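For reference, the structure discussed in these notes is given below.
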Amino acid sequence: MNVLIIEDEAVAARQLKAMVERAGDDIHVLAVFDCIEQSVEYLRQSSTQSGGEKQTIHPDLILMDIELSDGQSFAIFEQVNVTSPIIFTTAYDEYALRAFEVNSVDYLLKPIQETALRKALQKFRQLQQTYGGTSTVTVPINDLIRQLSQRQQHVITYRERFLVHVGQRLLPIESLEVAYFYSTNKLTFLKTHNDYQYMLNYSLDELEKTLDPRQFYRANRQFIVSHKAVQKLHLYFNSKLKLDLRPAAEEDVMISREKAMAFRQWLGE
């Protein structure tokens, strides 16, 4: 199986390539591109091969991020006829992605889990066997673009600020100022990067639903941490991770063995 990867984040691209190659001895990654222009050029060459010259191998499957360095990847389909099936990789939330479940082979929500990738590849193989080839499982991309455009009007917007009580005043705190949220004695607190602390009238479960998952991660039942606050990781017994946060937390912040790999991927390792 020849796979083309289109992903503009260098770390994510390396991780995805490694996971794809581990998924089967018969899988070969043809190339990794980070922009629309390179992707279009490759796909044009692979679809207009002529004898006598070194041929560009046509991909059996494309793993494609939606947001690229030079625009949305949907622009690729406006410039070249793409006949390969697509597995989308995206940071959109599950509600906004219902259209993908119908129109694409599959989608992978970032940060990508290796088990989810393997399931998507297995789904593609099953479609190949069922339909006897790849052309019959091609994404109807015009429908996808139309449905995504409609869905984007209803995409959940993540919380950008909080109003906290300071005496008799209400003080706005931007989400980017937050180092972490934590819960203790049934109370929830916000800690800023400048080491100020404020109480909130939300549970961590409620906060988790409103925060940008690219910026914040639910470390455990007591903590939601921001990307910027994580200074160091320490390998702990039983494959757990211990976090060093800045500002320092008053108690140990642990990542369970089950979450350790996903957390490291979220950090960009």
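What's the extension gain from GLU160 to ASP26 if we count 0.36 nm per residue and subtract their Cα-Cα distance?
Numbers: separation 134, 0.36 × 134 = 48.24 nm, distance 4.52 nm.
Full extension from GLU160 to ASP26 adds 43.7 nm.
Could I have the simple spin-label model distance between ASP70 and PHE189, label points 7 Å from Cα toward Cβ, reported in nm to one decimal?
Result for the modelled spin labels: 5.0 nm.
Once you put a point 7 Å from the Cα of GLN38 and another 7 Å from the Cα of ASN81, both along the Cβ direction, what distance in nm separates them?
Roughly 2.7 nm, to one decimal.
Just going by the charge dipole of the stretch 161-267, with Lys and Arg at +1 and Asp and Glu at -1 on Cβ, which of TYR182, ASN220, TYR202 is farthest out on the positive end?
The Cα lying farthest towards the positive end belongs to ASN220.
Give the calculated FRET efficiency between GLN168 and ARG14 to the nearest 0.05, with a Förster radius of 51 Å applied to their Cβ-Cβ distance. Can you show the working numbers first?
Numbers: r = 52 Å, r/R0 = 1.02.
Once rounded, the FRET efficiency stands at 0.45.
Mind ranking 10-20, 162-172, 195-205 by how tightly packed they are, going by the mean number of other C-beta atoms within 10 angstrom, highest first? Numbers along the way, then the final one.
Details: 10-20: 17.1, 162-172: 11.3, 195-205: 14.2.
In descending order of packing, they fall as 10-20, 195-205, 162-172.
For the peptides 75-82, 235-242, what is the packing order when you average, over each peptide's residues, the other Cβ atoms within 10 Å and list the highest mean first?
Highest mean packing first, the order is 75-82, 235-242.
Considering the options VAL253, PRO172, TYR236, tell which one lies farthest towards the positive end of the dipole of the stretch 161-267, charges being +1 on Lys and Arg and -1 on Asp and Glu at the Cβ, about the Cα centre.
So the residue furthest toward the plus end is TYR236.
What is the Cα convex hull volume of the stretch 161-267 when expressed per residue in Å³?
On the way: hull volume 10.8 nm³, N = 107.
That works out to 101 Å³ per residue.
Quick note: the coordinates plus some simple rules give every number you see, no bench work behind them. No experiment lies behind these values; they were computed from the predicted model shown. For neighbour counting, all protein chains shown are included, and Cβ atoms are generated from backbone atoms with ideal geometry for every residue, glycine included.
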